[in-house]
Amino acid sequence: MVEINTIKNKLKRDELFLKQKTAKAKAKRDRRTALKNEEASNPEKKEKRLAENVPNTLENTREFDETMVEEDEEVAADEATDEFAQYFQNGMTPKILITTSKGPSASVYEFATELVDIFPNSHFVKRRPQFEMRHIVEFSKNRDFTDVMIINEDKKEPNALTLIHLPDGPTAHFKLSSIALSKEIEGHGRTSSHKPELILNNFNTRLGHTIGRMFTALFPHVPEFQGRQVATLHNQRDFIFFRRHRYMFKNAKRVNLQELGPRFTLKLKWLQKGTFDRKGEHEWMFKPEMETSRRKFFL
C-alpha cells in the first residue's frame, strides 16, 4: 500500500485517501454483514459474544470497597436493631414534616409543594423565624412525625436538603441540584393520590445501604398498584437521581413510560448520628481529599 504522506500532489493524495477510507468502510461493513448472517443461523454465538463484550465503565471498574453489602448474618443483625427496624419489622406508616430554611423564597415553596406531592402522608409546615432546628425536631416528635425534611436555599434557589429520621436519627444532609419542576417537563403527566412503588438502584456499600433504607422509610410499605406510579432513586457515581413515572400497558408485551416529575439530583455531604446537632458526632462526612480516584465511590 502506498503511503499517502509520500505523495506530493495534493489532488492525488486526497484521491488516494478517499479510496482507502471507502475500502476500509466496505471491509468493516462486509465483516458485520457476515457476522450478522452467521449469528442469525446460530443464536448461541450472538449470546456468547454479547456476554463477553462488556465495556469497561467507571461503575464496573470501581475501586474495591470492603464495606460492600452482601447478604450475610452480620448485616441482617445490624438491620434488625438499627433506627429503621421499627418501620421494616412493625410496618409503621411514615408521616413526614416538610419545611424550609428561614425566610424562604418563592422557588423554595414551589419545590416544597412538589415534595408534598411525592411523599404520601407528608405535611408542609411554614417555618417561623424564631424556630430553630431543635424546636422543629421537638415539635415533630410530639406530633408523631417519623421524618423531617428541611429545604435550604442559596441565592433564592433550593440548594440543599436535610433529612432527619425520628425519634433517634440519623440525620443526612444532601447537596441539591438539577431541579426541574413538573411544569417544566414537556409532556409530563398528572399525578394521582395513589401510593407509588419505589425503585432503589446501586446503594451497595454499608453507607449506601443506610441511605437506601432511609429513603425507603419515607414511603408506605404497600403501594397502590392501580395508580401505576413509580418513584426511582438511582445512585450513579454517588449522585442520586430522582425520577417519577407512570407506566402504561399498550399490550401484553409493551409498556410505555410517562414522566410525572419533578426531577432533581442529590449528593450526600454528611451523615450524623441522632437528630440534628451542630456539635454532634458524624458517622460520615465528605472531604475533598477523600476523592483519591475517579473510580472511588462511597455509596
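Annotation: the antiparallel percentage among DSSP beta bridges lying fully within the range 91-290 is about 75.
At the residue level, residue 117 shows approximately 60 square angstrom of accessible surface with a 1.4 angstrom probe and all protein chains present. With a sphere of radius 13 Å drawn around the Cβ of residue 165, what net charge do the other residues whose Cβ falls strictly inside it have (Lys, Arg +1; Asp, Glu -1)? Charge balance in the 13 Å sphere: -1. For the peptides 217-227, 57-67, the ranking by mean Cβ contacts within 10 Å, running from highest to lowest, is 217-227, 57-67.
Report, in listed order, any pair from 95/267; 183/269; 155/175; 102/126; 102/287 with a Cα-Cα distance greater than 21 Å. In this structure, 95/267; 183/269; 102/287 lie more than 21 Å apart at Cα.
Per residue, the chain exposes 63 Å² of accessible surface when a 1.4 Å probe is rolled over the protein heavy atoms with every protein chain present.
Between 0 and 90 degrees, the angle of helix 133-142 with respect to the longest Cα principal axis of the chain falls at about 70 degrees. Could you state the angle between the C-alpha long axis of helix 10-41 and the longest principal axis of the C-alpha atoms of the chain, as a value from 0 to 90 degrees rounded to the nearest 10? Tilt relative to the chain: about 70 degrees.
Annotation: aspartates and glutamates with alpha-carbon distance below 13 angstrom to residue 156 (same-chain offsets under eight excluded): 110. In this view, the solvent-accessible surface of residue 177, computed with a 1.4 Å probe and all protein chains in place, comes to about 40 Å². Solvent-accessible area assigned to carbon and sulfur over the chain amounts to 50 percent, based on a 1.4 Å probe.
Applying the criteria of a DSSP loop state and at most 13 other Cβ atoms within 10 Å to the trypsin sites (Lys or Arg not before Pro) of the range 113-174 yields 126, 143, 155, 156.
Simple rule: put +1 on each Lys or Arg Cβ and -1 on each Asp or Glu Cβ in the chain, find the dipole, and look at 124, 261, 142; the Cα lying farthest toward the positive end is 261. The magnitude of the dipole of the range 1-158, with charges of +1 and -1 set on the Cβ of Lys/Arg and Asp/Glu and taken from the Cα centre, is near 2240 debye. When only the Cβ of Lys, Arg, Asp and Glu is charged (+1, +1, -1, -1), the dipole of the chain relative to its Cα centre reaches about 2320 debye. Of the trypsin sites (Lys or Arg not before Pro) found in the range 191-285, those in coil by DSSP whose Cβ has at most 10 other Cβ atoms within 10 Å are 250, 253, 254, 278, 279. Each of 109, 247, 87 has its accessible area taken with a 1.4 Å probe; listed largest first, they run 109, 247, 87. To the nearest ten degrees, helix 206-216 and the longest principal axis of the Cα atoms of the chain are 70 degrees apart. So, counting K/R as plus one and D/E as minus one, what does the shell of residues with Cβ under 13 Å around residue 199 add up to? Its environment carries a net charge of +1. With a cut-off of 14 Å between beta carbons, the residues surrounding residue 142 carry a summed charge of +2, where Lys and Arg count +1 and Asp and Glu -1.
With the charge dipole of the chain set up from +1 on Lys and Arg Cβ and -1 on Asp and Glu Cβ about the Cα centre, the Cα lying farthest toward the positive end among the listed residues 215, 16, 189 is that of 16.
The values are calculated or read from the model by the stated rules, or taken from the named source; none is laboratory data. Because the structure is predicted, anything quoted here is derived from the model rather than measured. Cβ: placed from backbone, ideal geometry, glycine included. Neighbour counts: every protein chain shown. Ligands, DNA and RNA are excluded from the accessible area calculation, which covers all protein heavy atoms including side chains. Shrake-Rupley method; radii C 1.70, N 1.55, O 1.52, S 1.80 Å.
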